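J.: Have a look at this one before I ask anything.
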Amino acid sequence: MSLLKIKNVSKIYGPLKALDGVNLTVENGEWLAIMGPSGSGKSTMMNIIGCMDKPSLGEVILDGVDIAKESDKKLTEIRRDKIGLIFQQFHLINYLTAVENVMVSQYYHSMPDEKEAMEALERVGLADRAKHLPSQLSGGEQQRVCIARALINHPEIVLADEPTGNLDEANENIVIDIFKQLHRQGTTLIVVTHDPEVAEVAQRTVVLEHGRLVKEIINENFEE
Amino acid sequence: MKRQTMFLKMITASLLRRRSRMLVALLAIAVGATILSGLVTIYYDVPRQMGEQFRNYGANMIFTPSGSDKLSTDAINKAKGLIDSNELVGTAPYRYENITVYERPLMAAATDFEGAEKTCPYWRIDGEWPSKNGEALVGKETAETLDLRAGDTVTLVYDLEGQTTAAKPSEKAERNQNSLEFKVTGILDTGGNEEKYIFVSIADMESLTGKSDIFDMTELSVSASQERLSDYAEKISSEVDGLSARLVKRVTQSENTVLSKLQALVLLVTIIVLLLTMICVATTMMAVVTERRKEVGLRKALGASNRSIIFEFMGEGLLLGAIGGLLGSIFGFIFAQAVSINVFNSSIQFHWILIPITILVSVLVTGISCVLPVRSATDVDPALVLKGE
């Protein structure tokens, strides 16, 4: 069974159709890139997949549940249990240390566990920076803390919104390497990006334009 | 790590690592709590302070014989025993007798000068209070009539047969009279009837008249509310035979009026300060929430429920309220002490109970002030964090 099934999804804001009859299926363990120009509907798509918005029309079946029909409270639960979010702006809580930022995600999910949070930071190569505040970390390091936080609760899907948008090339490569590692471990990745180099490393890329899926590219050279 | 530990870690980190913003809120709460605690201290201490001030206006209770008899020492002591000794500022029994000086009929009053000093602190004396037997205080009017000054001597003559009119010198020897010489220690200036009298000690009056243990009235200065004074008067009148206690209404009523107005003023200021504190805290918390909209969005995106968001912001607010309340109860006492020393010229007692009360009120006020800002935090859309705002 597919992990995510989007059927004829539209999102309508007055006269504007942010999404227009989109159909998309994401398999368990797949690495999907979503590309498209500004205003193409990428953010709306992310919000809907991330259970932060509901479609006006259509069905979004995530792990067997139609999230379009669920209440806000239930959507919060699904988001907490099944989705890991990575942001372009990192969005770390500035008065908490790196390890505490990771533990915040545990706190809302189940039980904070410092040892586990430290292991997550170790996986992204930041164990020695665990007690630093975000202001004491570089952009690349902050993004890695953000990744550790997204992974700590073992989500079904990791949703990344322009994860390399604010990084230099060296840090971009580090993040891509972490994604490759996650994919090898069986994590389902959905990455929204402008950057063709980031999209190229994904298993499959879909292109959105004016709210419609206009292209689908399978990466023949995908490295497992 | 337990969830509660993480919760405490998050709210303390928010307060400690965001010092500048939180100091503004803490300052608002601490200032409010200081004024609140200070004013409450003053509110409860004002009756005592003002009571002491009002005692300068003289006695506020009088004992008189309820029948035609005079008052006895036993009756006076029994009545005094019904009044809380901590509230009894002073007692002065009085006995009046007709005497003559240089053949002039005058009125002599016997009293306990130590007690009179306490019940009549407004008496102005040119000279000194009598300190032993054989000394007298002469009212200003009488002193002028007799041309007496402090340091002079005066002989008081008492007619043992009760004759009060001036007798001819030829008749004096035939009449049964007693006389005593007194040293005038001071001239009494009160602006009242006291200026007509010559005051002597009770022992001297007993020697002069040959009659003891009789008094016409007793003046008392009691530091208590009007209600309590009325209760005392009622109790004494009913329990002590031959003695009637009543209040000096011009003193007790004006005391009561001033006190109730002053307390109403303090209460009003306290309520206004509470409201201003609430507005200040609510505004600061609203600014805090607005400033942290992105953080709230992030927390919700990470799966925080509205309840969690409310708990976290309320936790921060209530912790601030508790710290502000603790600081306020300490500074409030210092504030109340300064007011008391400068206005009433006396210090106040520290009431330990005010610490938990101030902290509790401060926490409550902060909690109420946080309701609207915290509610607005739950309205933040988690999608905010994906919009890169």
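The values are calculated or read from the model by the stated rules, or taken from the named source; none is laboratory data. Note that the structure is a prediction, hence the values are computed from the model and not measured. Here the Cβ positions follow ideal geometry from the backbone for every residue, glycine too, while neighbour counts run over all protein chains shown. Just so you know, the surface numbers come from the protein's heavy atoms only, side chains and all, with ligands and any DNA or RNA stripped out. Shrake-Rupley method; radii C 1.70, N 1.55, O 1.52, S 1.80 Å.
J.: Quick one: which of A:LEU24, A:LEU32, A:LEU57, A:LEU3 is away from chain B (no Cβ under 14 Å) and buried (at least 22 other Cβ atoms within 10 Å of the Cβ)?
T.: Details: A:LEU24 fails: buried (at least 22 other Cβ atoms within 10 Å of the Cβ); A:LEU57 fails: buried (at least 22 other Cβ atoms within 10 Å of the Cβ); A:LEU3 fails: buried (at least 22 other Cβ atoms within 10 Å of the Cβ).
Only one candidate passes the filter, namely A:LEU32.
J.: Quick check: anything in the stretch A:142-154 open to solvent by 60 Å² or more (accessible area, probe 1.4 Å) and closer than 19 Å to A:ILE86 by Cβ?
T.: Here is the first cut: in the stretch A:142-154, the residues open to solvent by 60 Å² or more (accessible area, probe 1.4 Å) are A:154.
Now narrow it down to the ones that are closer than 19 Å to A:ILE86 by Cβ: A:154.
Looking through the stretch A:142-154, at least one residue is open to solvent by 60 Å² or more (accessible area, probe 1.4 Å) and closer than 19 Å to A:ILE86 by Cβ.
J.: Restrict the check to the stretch B:380-389 and report whether at least one residue is in a loop (DSSP other than H, G, I, E, B), at positive phi, open to solvent by 50 Å² or more (accessible area, probe 1.4 Å) and at pLDDT below 90.
T.: The first filter runs over the stretch B:380-389 and keeps only residues in a loop (DSSP other than H, G, I, E, B), leaving B:380-381, B:387-389.
Checking which are at positive phi leaves us with B:388.
Still in the running and open to solvent by 50 Å² or more (accessible area, probe 1.4 Å): none.
No; the residues of the stretch B:380-389 include none that is in a loop (DSSP other than H, G, I, E, B), at positive phi, open to solvent by 50 Å² or more (accessible area, probe 1.4 Å) and at pLDDT below 90.
J.: Could you check the stretch B:268-299 and list, in sequence order, the residues that are open to solvent by less than 20 Å² (accessible area, probe 1.4 Å) and within 14 Å of chain A (Cβ to nearest Cβ)?
T.: B:VAL288, B:ARG292, B:VAL296, B:GLY297, B:LEU298, B:ARG299
J.: Quick one: is B:ARG95 within 29 Å of B:ILE236 (Cα to Cα), part of a strand (DSSP E or B) and of a type in the set (Lys, Arg)?
T.: On the way: within 29 Å of B:ILE236 (Cα to Cα): yes; part of a strand (DSSP E or B): yes; of a type in the set (Lys, Arg): yes.
For B:ARG95, the condition - within 29 Å of B:ILE236 (Cα to Cα), part of a strand (DSSP E or B) and of a type in the set (Lys, Arg) - is met.
J.: Here's another thing I want to ask about it. Among A:VAL175, A:VAL145, A:VAL158, which is the only one that is in contact with a Ser or Thr (Cβ under 9 Å, 6 or more places away or on another chain), closer than 16 Å to A:VAL102 by Cα and not in a loop (DSSP other than H, G, I, E, B)? Break it down stepwise before answering.
T.: On the way: A:VAL175 fails: closer than 16 Å to A:VAL102 by Cα; A:VAL145 fails: in contact with a Ser or Thr (Cβ under 9 Å, 6 or more places away or on another chain).
It is A:VAL158.
J.: Could you list all residues from the stretch B:97-111 that are acidic (Asp, Glu) and over 13 Å from B:LYS196 (Cα atoms)? Before you say what the answer is, go through the steps one by one.
T.: First pass over the stretch B:97-111, keeping only residues acidic (Asp, Glu): B:97, B:103.
Result: B:GLU103, single match.
J.: How many residues are at the interface with chain B (Cβ under 7 Å from one of its Cβ atoms) and either without any contact (Cβ under 8 Å) to a residue 24 or more places away in the chain or more than 15 Å from A:GLN142 (Cα to Cα) (or both) if we restrict to the stretch A:76-90?
T.: First, the residues of the stretch A:76-90 that are at the interface with chain B (Cβ under 7 Å from one of its Cβ atoms): A:76, A:79-80, A:85, A:87-89.
Applying the additional criterion that residues be either without any contact (Cβ under 8 Å) to a residue 24 or more places away in the chain or more than 15 Å from A:GLN142 (Cα to Cα) (or both) yields A:76, A:79-80.
The number of residues fulfilling the criteria is 3.
J.: Going by the structure shown, is B:VAL343 aliphatic (A, V, I, L, M), open to solvent by less than 70 Å² (accessible area, probe 1.4 Å) and either touching a Ser or Thr at 6+ places or on another chain (Cβ under 6 Å) or assigned by TED's automatic domain parsing to the domain that holds B:ARG307 (or both)? Walk me through how you get there before you give the answer.
T.: Numbers: aliphatic (A, V, I, L, M): yes; open to solvent by less than 70 Å² (accessible area, probe 1.4 Å): no; either touching a Ser or Thr at 6+ places or on another chain (Cβ under 6 Å) or assigned by TED's automatic domain parsing to the domain that holds B:ARG307 (or both): yes.
Against the criterion (aliphatic (A, V, I, L, M), open to solvent by less than 70 Å² (accessible area, probe 1.4 Å) and either touching a Ser or Thr at 6+ places or on another chain (Cβ under 6 Å) or assigned by TED's automatic domain parsing to the domain that holds B:ARG307 (or both)), B:VAL343 does not qualify.
J.: Hey, another quick one. Which of the residues that make up the stretch A:91-125 are open to solvent by 20 Å² or more (accessible area, probe 1.4 Å) and either out of contact with any helix residue (DSSP H, G or I) (no Cβ under 9 Å at 6 or more places or on another chain) or more than 7 Å from chain B (Cβ to nearest Cβ) (or both)? So that I can check it myself, show each step before the final result.
T.: Keep residues of the stretch A:91-125 that are open to solvent by 20 Å² or more (accessible area, probe 1.4 Å), which gives A:92, A:94, A:109-111, A:113-116, A:118-119, A:122-123, A:125.
Of everything in the stretch A:91-125, those that are open to solvent by 20 Å² or more (accessible area, probe 1.4 Å) and either out of contact with any helix residue (DSSP H, G or I) (no Cβ under 9 Å at 6 or more places or on another chain) or more than 7 Å from chain B (Cβ to nearest Cβ) (or both) turn out to be A:LEU92, A:ASN94, A:SER110, A:LYS115, A:GLU116, A:MET118, A:GLU119, A:GLU122, A:ARG123, A:GLY125.
J.: Additional query: Answer yes or no as to whether B:ILE76 is assigned to a helix (DSSP H, G or I) and farther than 30 Å from B:ARG95 by Cα. Spell out how you get there, then give the answer.
T.: Details: assigned to a helix (DSSP H, G or I): yes; farther than 30 Å from B:ARG95 by Cα: no.
Judged against the criteria, B:ILE76 is not a match.
J.: Just checking, does the stretch B:227-238 include any residue being β-branched (Val, Ile, Thr), at pLDDT 90 or above and open to solvent by less than 50 Å² (accessible area, probe 1.4 Å)? Reasoning before the result, please.
T.: First pass over the stretch B:227-238, keeping only residues β-branched (Val, Ile, Thr): B:236.
Subset that is at pLDDT 90 or above: B:236.
Applying the additional criterion that residues be open to solvent by less than 50 Å² (accessible area, probe 1.4 Å) yields B:236.
Yes, the stretch B:227-238 contains a residue that is β-branched (Val, Ile, Thr), at pLDDT 90 or above and open to solvent by less than 50 Å² (accessible area, probe 1.4 Å).
J.: Could we say that B:LEU71 is open to solvent by 40 Å² or more (accessible area, probe 1.4 Å) and either touching a strand residue (DSSP E or B) at 6+ places or on another chain (Cβ under 8 Å) or hydrophobic (A, V, I, L, M, F, W, C) (or both) here? Even if it seems obvious, please write down each step before you answer.
T.: Working: open to solvent by 40 Å² or more (accessible area, probe 1.4 Å): no; either touching a strand residue (DSSP E or B) at 6+ places or on another chain (Cβ under 8 Å) or hydrophobic (A, V, I, L, M, F, W, C) (or both): yes.
Here the answer is no, as B:LEU71 does not meet what is asked.
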